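Note sheet for the following structure.
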């Protein structure tokens, strides 16, 4: 059992004033991440020290990592580091790690003042050993204390290769070297956790960039943008939830990456369009792309499926999933046309449709090549 690896159960990035409510994640995603980020304190305490509950075999007590754990066993946090937190966003383990990574992101980007003492207070209040490990390893808001970081690393548990690698990494850490729980990930489950951490920070960055872009948007254009953003978010979610193969333990990381890629592209498009780099397609080019889209979509609908099911090849992607995602893509495409008509009137409707269609053809073609086989 992993101890105090808080997940992204409450993914609550700050949104700009035009932002829409975020769709919930796929139903399987929280369950999968929970396998890596168990918050069951009682069970974790019963795991013992070092926490080897996920090893599947007794630990080698002569191994260097084990000796490091035993050497650090009695390390304790200084009393001066333990005080009641002030922040409201410190109610549970999830929020503590969100606060840790948000503060780290702000300190790196210069977006805000890093209030590390408050993160330390939250981590101690929630006994979040993952956050405490990183705080003491990096000296964020506390004096750097590698033995104490090792003690916490030995307590949180996880896959054997992750635990041993993490402890040995800390033991060899150079004075100015940064450390993160995701540095030594080996399991698909933890890849999902780390992908969620990265995506949260990417989402916060996108929010800041959108706020800058939309600062001077005329009121008449705002409703159309709100509809576009909502459609973009829905399609991005569909790319991760419906059109990503969910086989294997890395599926959470893959789903998060697929959605994040689409969300990144949306903001990147807006940034370049605002600089005058607008789509340039002829009507004939759109017609050709539209025919290609219909052709590849038809091939997917005609592809072989798993016996007695709807899924393509040996994947978890069903034809019904692709149809659902396609409907969301059409809404996204049409929302771009409507917003583009107001914001960038020099671009004809077929220009927006061609741009989005070209990308959709590439997505479906890749899916067909990976999972499709003609009947």
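The values are calculated or read from the model by the stated rules, or taken from the named source; none is laboratory data. As the structure is a prediction and not an experimental result, all values here were calculated from the model. Cβ: placed from backbone, ideal geometry, glycine included. Neighbour counts: every protein chain shown.
Let's see how each residue does on (1) under 23 Å from the mean Cα position of the chain (by Cα); (2) surrounded by fewer than 18 Cβ atoms within 10 Å (Cβ to Cβ); (3) within 30 Å of residue 61 (Cα to Cα); (4) at pLDDT 95 or above:
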{"position": "71", "(1), (2), (3), (4)": "no, yes, yes, yes"}
{"position": "74", "(1), (2), (3), (4)": "no, yes, yes, yes"}
{"position": "80", "(1), (2), (3), (4)": "no, yes, no, yes"}
{"position": "83", "(1), (2), (3), (4)": "no, yes, no, no"}
{"position": "89", "(1), (2), (3), (4)": "yes, yes, no, no"}
{"position": "95", "(1), (2), (3), (4)": "yes, no, no, no"}
{"position": "98", "(1), (2), (3), (4)": "yes, no, no, no"}
{"position": "107", "(1), (2), (3), (4)": "yes, yes, no, no"}
{"position": "111", "(1), (2), (3), (4)": "yes, yes, no, no"}
Tabulated pairs, the range 268-296, first under 13 Å from residue 351 (Cα atoms), second in a loop (DSSP other than H, G, I, E, B), C-beta under 7 angstrom, 6+ apart or interchain: 273/344; 278/344; 278/346; 278/347; 279/347
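Quick check on my filter: what residues within the range 342-375 are more than 18 Å from residue 261 (Cα to Cα) and either free of Cβ contacts under 8 Å to residues at least 24 places away in the same chain or under 27 Å from the mean Cα position of the chain (by Cα) (or both)? Walk me through it before giving the result.
Of the residues in the range 342-375, the ones more than 18 Å from residue 261 (Cα to Cα) are 342-354, 368-375.
Selection gives 345, 349, 368, 369, 370, 371.
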Number of positions in the range 134-162 that are farther than 18 Å from residue 75 by Cα and in a helix (DSSP H, G or I): 3
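Could you say whether any residue in the range 126-133 is in a helix (DSSP H, G or I) and under 21 Å from residue 175 (Cβ atoms)? Before you say what the answer is, go through the steps one by one.
We begin by selecting, within the range 126-133, every residue in a helix (DSSP H, G or I); these are 129-133.
Going one step further and asking which of them are under 21 Å from residue 175 (Cβ atoms), we end up with 132-133.
Looking for residues that are in a helix (DSSP H, G or I) and under 21 Å from residue 175 (Cβ atoms), one finds at least one in the range 126-133, hence yes.
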Test: residue in the range 167-178 that is closer than 28 Å to residue 260 by Cβ, crowded, with 21+ Cβ neighbours inside 10 Å and either modelled with pLDDT under 95 or in the same structural domain as residue 52 (by TED's automatic domain parsing) (or both): no
Answer residue from the range 128-147, given it is more than 24 Å from the chain's Cα centre (by Cα) and surrounded by fewer than 24 Cβ atoms within 10 Å (Cβ to Cβ) and is farthest from residue 65 (Cα to Cα) among those: 141
Set 291, 333, 272, 280: member being modelled with pLDDT of 95 or more, assigned to a loop (DSSP other than H, G, I, E, B) and within 19 Å of residue 352 (Cβ to Cβ): 280
Number of the condition not met by residue 66 [criteria: (1) in contact with a helix residue (DSSP H, G or I) (Cβ under 6 Å, 6 or more places away or on another chain); (2) part of a helix (DSSP H, G or I); (3) within 18 Å of residue 146 (Cβ to Cβ)]: (1)
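This table checks each residue for (1) surrounded by fewer than 20 Cβ atoms within 10 Å (Cβ to Cβ); (2) under 21 Å from residue 365 (Cβ atoms); (3) modelled with pLDDT of 95 or more.
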| site | (1), (2), (3) |
| --- | --- |
| 218 | yes, no, yes |
| 221 | yes, no, yes |
| 226 | yes, no, yes |
| 248 | yes, no, no |
| 253 | no, no, no |
